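Worksheet: the structure to be examined is printed underneath.
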Amino acid sequence: MMIDSQRLQGSVIIIGAGTQGRRLAYMWSRRGGLVYLVDLNERQLEEGLQYVQQLRAEAEHPGPWGDVRLATPDSLESILQDSWLVIECVPENLALKQKVLTQLDKLAPGSTIIASNSSSYGIEEIIEGLILKSSKRLLSAHCYWPPEISAIEIMGHKDSDPSLIGLLSVQCEKHGFSPFRVRQSSIGYIYNRIWAAIKRETLLTLSEGICEPQEIDAIFKDVLKTPKGPCEQMDIVGLDVVLDIENHYAEARSGLPSQPREYLQKMIKKGKLGVKSGHGFYDYKAQNGH
């Protein structure tokens with residue numbers, strides 16, 4: 001499957017105006033192209049556009065910037081006709097992602113690449129059992145947060161068109177990403193697999209009473225010179241989300257220790273979800289003087 005150069009002049013469509021979607025709208029509009037940000041929630045769309053404008057104001061960029069337009073799902077079939085790439089950034093719910101990708105496959109022209117930004121599910125997992133017109137054009141294109149992280153992992157499945165993986169890699173680089181090719185289907189891609197091992201061993205260490213979260217973070221930062229340690233990072237992500245991810249790994253891979261998940265479950269039962277609840281490994285209410 002080939003995409004001609006004229007087709008590449010078309011738009012990029014981002015489905016979902018949350019934290020990742022609005023960041024992608026900024027990145028894909030850096031070279032002057034047209035980007036549509038699509039969401040059911042009009043307030044989220046407006047906040048997404050404000051965020052793009054904020055990032056632009058802070059960026060050193062010679063220009064010209066591309067046009068970011070807001071759209072609702074009602075107009076999806078129409079705007080897809082001139083798109084070369086559409087990326088789903090909906091919440092990490094497998095059934096929702098399957099519904100969105102099935103709809104995109106039905107509505108998008110055959111030459112449009114369809115990519116998932118999912119962090120938890122690879123494209124092979126998402127499309128398993130789905131009846132699609134053209135699975136060859138479906139890929140994973142997972143990027144990270146915050147915006148200063150330029151890494152994006154591109155992963156196909158057993159039937160993906162290799163030429164599209166190469167094309168998307170080239171286009172990502174042109175738009176300021178640092179693309180990494182995941183050569184085999186991998187739950188967690190590259191980085192998240194390594195990060196998962198760090199999280200898991202951190203939780204196992206805590207469950208065995210070896211030290212306190214503050215000590216883990218302190219030694220981690222001292223040795224690796226990172227701004228935050230594993231416990232601080234998990235608090236930011238949300239311990240309920242961390243548990244969901246760990247459960248997903250455990251379902252896919254036999255032999256993973258259960259203690260890390262059990263440790264998280266005990267914290268969650270106490271209402272300790274991390275930053276969003278005011279308490280996780282650290283007491284954020286106390287830090288803020290509440």
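Just a few scattered comments:
- Sole exception among (1) under 23 Å from ARG22 (Cβ atoms); (2) modelled with pLDDT under 95 for SER83, by number: (2)
Residue-wise test of (1) farther than 30 Å from ALA196 by Cβ; (2) open to solvent by less than 40 Å² (accessible area, probe 1.4 Å).
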site: PRO62; (1), (2): yes, no
site: VAL68; (1), (2): yes, yes
site: ASP74; (1), (2): yes, no
site: LEU85; (1), (2): no, yes
site: LEU107; (1), (2): yes, yes
site: GLU128; (1), (2): no, no
site: ARG137; (1), (2): no, yes
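- Candidate set from segment 227-274 (those that are modelled with pLDDT under 95 and of a type in the set (Val, Ile, Thr)); member that is farthest from SER119 (Cα to Cα): ILE236
- Within segment 149-158, at least one residue is in a strand (DSSP E or B), over 21 Å from ILE13 (Cβ atoms) and open to solvent by less than 40 Å² (accessible area, probe 1.4 Å).
- Scanning segment 139-148 turns up no residue that is open to solvent by less than 20 Å² (accessible area, probe 1.4 Å), modelled with pLDDT of 95 or more, in a loop (DSSP other than H, G, I, E, B) and within 24 Å of ARG253 (Cβ to Cβ).
- All conditions but one from (1) surrounded by fewer than 18 Cβ atoms within 10 Å (Cβ to Cβ); (2) touching a Lys or Arg at 6+ places or on another chain (Cβ under 9 Å); (3) of a type in the set (D, E, K, R); (4) modelled with pLDDT of 95 or more apply to LYS174; the one that does not is (4).
- Residues of segment 88-102 classified as surrounded by 16 or more Cβ atoms within 10 Å (Cβ to Cβ) and farther than 22 Å from CYS172 by Cβ, total: 2
- Residues that are within 22 Å of SER140 (Cα to Cα), out of contact with any Asp or Glu (no Cβ under 6 Å at 6 or more places or on another chain), among the hydroxyl-bearing types (Ser, Thr, Tyr) and in contact (Cβ under 8 Å) with a residue 60 or more places away in the chain are absent from segment 87-104 altogether.
- Among the residues of segment 122-133, those that are out of contact with any strand residue (DSSP E or B) (no Cβ under 6 Å at 6 or more places or on another chain) and in contact (Cβ under 8 Å) with a residue 60 or more places away in the chain comprise GLU124, GLU125.
- Test for LYS106: is it assigned to a helix (DSSP H, G or I), modelled with pLDDT of 95 or more and within 21 Å of TYR144 (Cβ to Cβ): no
- Put simply, of ARG181, ARG193 the only residue that is at pLDDT below 95, of a type in the set (Lys, Arg), loosely packed, with under 15 Cβ neighbours inside 10 Å and under 19 Å from the mean Cα position of the chain (by Cα) is ARG193.
The values are calculated or read from the model by the stated rules, or taken from the named source; none is laboratory data. Computed from a predicted structure; not experimentally measured. Cβ: placed from backbone, ideal geometry, glycine included. Neighbour counts: every protein chain shown. Heavy atoms of the whole protein, side chains included, go into the accessibility calculation; ligands, DNA and RNA do not. Shrake-Rupley method; radii C 1.70, N 1.55, O 1.52, S 1.80 Å.
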